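Here is the structure we will look at.
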Amino acid sequence: MIIFVIFIALLFLHSLVSGRLERSVVTAPIVFTAVGMLTLLFVEELPDHETAQPLFLHLAEIGLVLLLFTDASRTDLGVLKNIRNLPARLLSSGMLLTLLLGGLAALVVFRQLSIWEAGILAAILAPTDAGLGQIIVNSPRVPMKIRQALNVEAGLNDGLSVPFLLFFIALAGGGAAGEHTRLTRFILEQLGYGTLVGLGIGGVGGWLLGAAHRRRWMAHSWAQLGLVALPLLCLLASETVGASMFIASFVAGLAVQLGFKDAAKHSVEFTEEWGQLFNLSVFFLFGLLVARAWREFNAMHLLYAGLSLTVVRMVPVAIALIGTRLSRPTVLFMGWFGPRGLALGLVYLEQHTRQAGESTIRVAVMATVLLSIFAHGLSALPGIRLYTRKLGALPPGAAELQDS
């Protein structure tokens, strides 16, 4: 009970100074993660593993689903058409190179991991995090073209990495002949069914909301409630059919705009606030788990975390963006601001795997996410200011400034 008291008190205290903190380098994820870690000073025993893990999983899933839907619902589809090459590059060659480099780095740093366990670690940390990247994609000082590319990448790379994760888990566990059929079915269910669920719920829901709005049947406040129901329906429907709830919620956010043009205006305030509540609870619980596992951290975990945030992310982005005519500051900016999150870590935890390297994988993921929370959070505002100055020195026809 005391853990929930601390979390609720933290929510209240943070709300009192939230405006001042937004103008500083101290982000909300930093605060909630740090306090979660410090909670061990006041709580003698953390909830046992069987109690804490399901709560952690459910809160993280709900929070991420809400945030993905909100980000997608305010993605300008017209702008998205003009920049389709950027997210396509990041999600294809960029992601594949990230998986390759992440796996190679894992084999070099953690000699005890097999090649398939190294692939598991690389697949978990390949996607970028929509929650941690909000400061960047919300900043009007960053060109629209760059914000939307990073936003779409963060929205879709979780679901696209899931098949790789399951593939490596299957091979690490022995790779029986039947696994190939199982993997093919899983890819169809996660990606195909996820897209269909998102299109169905988002498209039909958007059409109904738009019709009700045009006929003035719907009160303003209920428009927000109606919208927030859609990503939750995606979550429930995805669980039923075995689809990716992350893909479904993001696709639904895009599809809802087709029938309800004002979706972004109505969804951002309500969905983002409640999504933020779930998101912050995840960071708080993550801090608790990090504190419990702190003695397992060593220099190798921190080394891999540093490599994951720099070489493993930035080199693939630079290669993927060759030929786009983007300036070096833009390539560096997009490469650095690829924060690592917990979405695929949840998928891995749900598999209940028992590989020999599971402990190493778990601690390496925690170290990387922890470093990402602090490194990307503390550098977000200074990075935006520095990038803005670099943009000012570019010619008016620079590629990143077009369609902005």
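Pull out the extension gain between residue 394 and residue 204, defined as 0.36 nm times the separation in residues minus the alpha carbon to alpha carbon distance; nm, one decimal.
That works out to 64.0 nm of additional length.
What does the highest-first list of 132-140, 214-222 look like by mean Cβ count within 10 Å?
Listed from highest to lowest mean packing, they are 132-140, 214-222.
List the residues whose amide H sits under 5 Å from the amide H of residue 218, counting only those 5 or more places along or on another chain, with H placed 1.01 Å from N in the peptide plane.
Here the answer is none, since no amide H 5 or more places off falls under 5 Å of that of residue 218.
What residues qualify as long-range amide H neighbours of residue 133, i.e. H under 5 Å apart, gap of 5 or more or another chain, H built at 1.01 Å from N?
Here the answer is none, since no amide H 5 or more places off falls under 5 Å of that of residue 133.
If I model a spin label as a point 7 Å beyond the Cα along the Cα-Cβ vector, how far apart are those points for residue 16 and residue 300 in nm?
4.6 nm
Please give me the summed charge of the neighbours of residue 389: other residues whose Cβ is under 15 Å from its Cβ, Lys and Arg +1, Asp and Glu -1.
+3
Quick note: the coordinates plus some simple rules give every number you see, no bench work behind them. The model shown is predicted, which means the values in this text are computed figures rather than measured ones. For neighbour counting, all protein chains shown are included, and Cβ atoms are generated from backbone atoms with ideal geometry for every residue, glycine included.
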